[in-house]
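Following: one structure in structure tokens, then a few remarks.
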Amino acid sequence: MFAAALALALAAQTAAPTSGQAARWGEHEWVNGTGFLSRHYFENRTGFPSAHHLLNSTQVGSIHHLFNATSAGSSHFWENGVRPGSRYYWDNGREPGSRYYWENGRGCLSRYGWANTTACSSGETVVFQVLCIARKIDVAPCRAVNARLDEWLSRSDFYGPGHPADVVARMREPNG
């Protein structure tokens, strides 16, 4: 009975949060943690925001979603949205998901929050991933996500207008 309770508690610690739940985020968590925003989770688990999910899922936080959806976490939303997770919001917003907040904020999606291990929601994690892909933020998880994405792009056999590599290049343009 105790073993089952312990296993359930450990699984809950390493499962990606659902809407409304928050998880530890920051350099210390990435390097030393096992929660959903750790390198351990990224490399060894299958749910969002793991490398497995990025490469194999069709849900939010996957390469498929990046190129085929219109909601937050997609390249379409990055280019056309006005809320967190869009280029417009990064350039013009003041709350989490904006350049201003990254430089001046104290919580998730801020430089201070990264250095001091704050908590992030699942929605904030989607915004974080897009900011990583667009190379607006450069911290260890971004480098891990971009390495997997760039490797996938180098193997992509899709040619024609809207090639995924061209879409990502537009996302990464400084003032595009």
Efficiency of FRET from Cβ geometry, E95 and A169, R₀ 22 Å, rounded to 0.05: 0.20
Potential extension, V31-N104 segment - 0.36 nm per residue separation minus Cα distance: 23.9 nm
Segment 25-176: C-alpha gyration tensor shape, a/c 1.5 cut-off, then a/b vs b/c: oblate
Degrees between helix 122-133 axis and first principal axis of the chain (Cα, 0 to 90, nearest 10): 50 degrees
Rounded tilt (10° steps) of 140-155 against the dominant C-alpha axis of the chain: 50 degrees
Carbon and sulfur %, accessible surface of the chain computed with the full protein complex present, 1.4 Å: 52 percent
Ranked order, D138, D166, D150 - accessible area, probe 1.4 Å, largest first: D138, D166, D150
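The values are calculated or read from the model by the stated rules, or taken from the named source; none is laboratory data. Just so it is clear, the structure is predicted and the values come from calculations on it, not from any experiment. Note: ideal-geometry Cβ built from the backbone for every residue, glycine included; neighbour counts use all protein chains shown. To get the accessible areas, we keep the full protein, side chains included, count just its heavy atoms, and leave off ligands, DNA and RNA. Shrake-Rupley method; radii C 1.70, N 1.55, O 1.52, S 1.80 Å.
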